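Asks: Before we start, here is the structure in question, set down as structure tokens.
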Amino acid sequence: MGADDRGMTTAEYAVGTLAACALAAVLYKVVTSGPVQALLRSVIERAINVQF
């Protein structure tokens, strides 16, 4: 019979945490880049100025 492998081990948590932090860093760099900020600002301004 095999061992019960329902949860992650400490090493798997560490690798998962590092991967999540790396992804967050990449997303932060993308979102704070000039072109993406301009696009987000444009979308927000259009949403605010919608006439009902």
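Asks: Restricting the search to the range 21-52, which residues are outside any helix (DSSP H, G or I) and open to solvent by 100 Å² or more (accessible area, probe 1.4 Å)?
Replies: Correct list: N49, Q51, F52.
Asks: So how many residues does the range 8-20 have that are exposed (fewer than 10 other Cβ atoms within 10 Å of the Cβ) and in a helix (DSSP H, G or I)?
Replies: Residues flagged as exposed (fewer than 10 other Cβ atoms within 10 Å of the Cβ) and in a helix (DSSP H, G or I) within the range 8-20 amount to 2.
The values are calculated or read from the model by the stated rules, or taken from the named source; none is laboratory data. As the structure is a prediction and not an experimental result, all values here were calculated from the model. Backbone-built Cβ (ideal geometry, glycine too); neighbour counts: all protein chains shown. Quick note on the areas: whole protein, heavy atoms, side chains included, nothing else; ligands and nucleic acids left out. Shrake-Rupley method; radii C 1.70, N 1.55, O 1.52, S 1.80 Å.
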